[in-house]
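The values are calculated or read from the model by the stated rules, or taken from the named source; none is laboratory data. All values derive from a computational prediction rather than experimental measurement. Methodologically, a virtual Cβ is constructed for each residue, glycine included, from the backbone with ideal geometry; neighbour enumeration extends over all protein chains shown. The accessibility values were calculated without ligands, DNA or RNA, using every heavy atom of the protein model including side chains. Shrake-Rupley method; radii C 1.70, N 1.55, O 1.52, S 1.80 Å.
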Amino acid sequence: MERLKEHFQSKIEPAAKEVKDFIAEYGDEKISEVKIRQLYGGMRGVPALITETSKLDPAEGIRFRGYSIPELQEKLPAYPGGNEPLPEGIFYLMLFNELPDDDTVRRVSNNWMRRANIPPHVFKVIDALPMHTHPMTQFVTGIMALRTESEFQKAYRKGINKKDYWQPTYDDAMNLIARLPRLAAYIYRRMYHNGDHIEPDSSLDWAGNFAHMLGFPGEEFRELLRLYMTIHSDHEGGNVSGHTIHLVGSALSDVYQSFAAGMNGLAGPLHGLANQEVIRWTLAMRDELGGGLPSKELIANYVKDTLNNGQVIPGFGHAVLRKTDPRYTAQREFAQKHMPHDELFQIISRIYEVVPPILKDLGKVKNPWPNVDAHSGQLLMHYGLTQYDFYTVLFGVSRSLGTLSSLIWDRALGMPIERPGSTTTALLKEQYAKK
Ligand code: CMX
């Protein structure tokens, strides 16, 4: 067994015992009461899941195994000569609940590099899709085509003992994470660079190599991608993609099936697709208002027109957060450091000033502040990654780190099939309207 896997194995028994003892002692405690409004309201605020990798605080934002983004920027290893955290590090932290050192992240990088080979049929499946197929659809198709490699599927057919489910799940998760950058880069180069593909560079880290395969050789873009892959990696368990991956995985669907399902959720415009919508909306606004940096008044009028047309302002609002997303702030700081005079950055900054008061005035929007998607596109545009239909694929590659760490833990702890109850309006009325 490889060293990383062995290390994970050593964590299972104590974690399982901790959970078992905790349930034995406190299993009958009530942690919340659910109101009827919450049943109709997308289950907001109903604590219904255990996800160990990260926790979202409405007022403070995301913490990964207890660490905030600024703390991680300080504590996680960076690439030699770089400043931004390496995604290998946040993956290690989420999976092992330990901060890694430089040697450890290098071991994760090397491990993924060894696993990164994609069988040729996957590329053929993607090539069979019409070129106008949305990149997220190509991405999900590629993930499903990779399922031929599922170790879990093979082991299950051979009659694997349920105690060992975590083992092929671990291998499937590590293999898929290792392969996603190649798959994503293949889709990008196929669609936007006439299929002129770039071979991996095994001397680079996971995100650096991803930048290289996309066709962006500069060190600054690699740093951006390291930051991007780190901050998009997880957002506790209840978001649509994270929850879907956990839910589908609970039926013992393998890593490929579960992750593909979650990626279809990420591809919705209220979730991850918002990152492409932000740039589409912003560029349309800029062009309609005559180009350049529009005045605050003109932006405000455009925002109100969008709202009057019954559309949302992409990149603003959140189901849990009630402040500016720290992932937005991390990206804003990157822009301030590397491209303070970029015109699109000026526009994004002005939108940040204009939109929140307008959303607040609507009276119904619970969080008028920007989320992660309000900034990511501007940074990518700056370095020439202008094909915004592709942006959600980048988000998806990153999301594998947290969600698949969780899925490995789900199998290691023997989490059961998920099956919440449902009821009907008639039954609720019968029970409560009488009171
Ligand atoms: N623009 C306009 N209206 C908005 C809004 C926005 N950015 N955010 C919320 N609202 C509206 C909702 O549509 C809802 O209106 P109705 O009552 O008429 O249906 C009302 O305000 C209340 O919604 P809420 O409780 O504040 O927000 P929800 O928890 O229901 O939804 C979210 C959260 C993110 C879907 C919503 O804020 C939104 O649509 N934002 C724009 C899309 C976006 O940026 N999504 C990305 C989120 C981050 C991610 O997952 O990547």
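Of the numbered criteria (1) of a type in the set (D, E, K, R); (2) in contact (Cβ under 8 Å) with a residue 12 or more places away in the chain; (3) under 29 Å from residue 40 (Cα atoms), the one residue 411 fails is (3).
Within segment 57-85, residues that are within 24 Å of residue 238 (Cβ to Cβ) reach partners that are polar (S, T, N, Q) and open to solvent by 70 Å² or more (accessible area, probe 1.4 Å) with beta carbons closer than 8 Å, at six or more positions or on different chains, in the pairs 65/97. Which one of these is open to solvent by less than 20 Å² (accessible area, probe 1.4 Å), modelled with pLDDT of 95 or more and more than 16 Å from the ligand (Cβ to nearest atom): 216, 221? None of the other options fit; the residue is 221. Of all residues in segment 168-225, those being of a type in the set (S, T, N, Q), free of Cβ contacts under 8 Å to residues at least 24 places away in the same chain and part of a helix (DSSP H, G or I) number 0. Evaluated against (1) farther than 30 Å from residue 170 by Cα; (2) more than 16 Å from the ligand (Cβ to nearest atom); (3) free of Cβ contacts under 8 Å to residues at least 60 places away in the same chain; (4) part of a helix (DSSP H, G or I), residue 292 falls short on exactly one condition, (4).
Could you name every one of the helices (runs of 4 or more DSSP H) located completely within segment 299-386 that has at least 1 residues being in contact with a Ser or Thr (Cβ under 8 Å, 6 or more places away or on another chain) and open to solvent by 10 Å² or more (accessible area, probe 1.4 Å)?
Result: 326-338, 343-362.
If you filter segment 224-263 down to residues that are within 22 Å of residue 348 (Cα to Cα) and within 12 Å of the ligand (Cβ to nearest atom), you find that the one that is surrounded by the fewest Cβ atoms within 10 Å (Cβ to Cβ) is 232. The residues in segment 78-97 that are under 28 Å from residue 219 (Cα atoms) and surrounded by fewer than 17 Cβ atoms within 10 Å (Cβ to Cβ) can be counted, and the count is 3. Only residues that are out of contact with any Phe, Trp or Tyr (no Cβ under 8 Å at 6 or more places or on another chain) and either of a type in the set (A, V, I, L, M, F, W, C) or within 12 Å of the ligand (Cβ to nearest atom) (or both) were counted in segment 264-282, giving 11.
Please tell me if residue 355 is more than 30 Å from residue 237 (Cβ to Cβ) and within 12 Å of the ligand (Cβ to nearest atom). The answer is no for residue 355.
Residue-wise test of (1) at pLDDT 95 or above; (2) open to solvent by less than 60 Å² (accessible area, probe 1.4 Å); (3) not hydrophobic (A, V, I, L, M, F, W, C).
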| site | (1), (2), (3) |
| --- | --- |
| 110 | yes, no, yes |
| 114 | yes, no, yes |
| 119 | yes, yes, yes |
| 124 | yes, no, yes |
| 136 | yes, yes, no |
| 140 | yes, yes, no |
| 144 | yes, no, no |
| 149 | yes, yes, yes |
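Against the list (1) open to solvent by 30 Å² or more (accessible area, probe 1.4 Å); (2) within 19 Å of the chain's Cα centre (by Cα), the condition residue 180 fails is (1).
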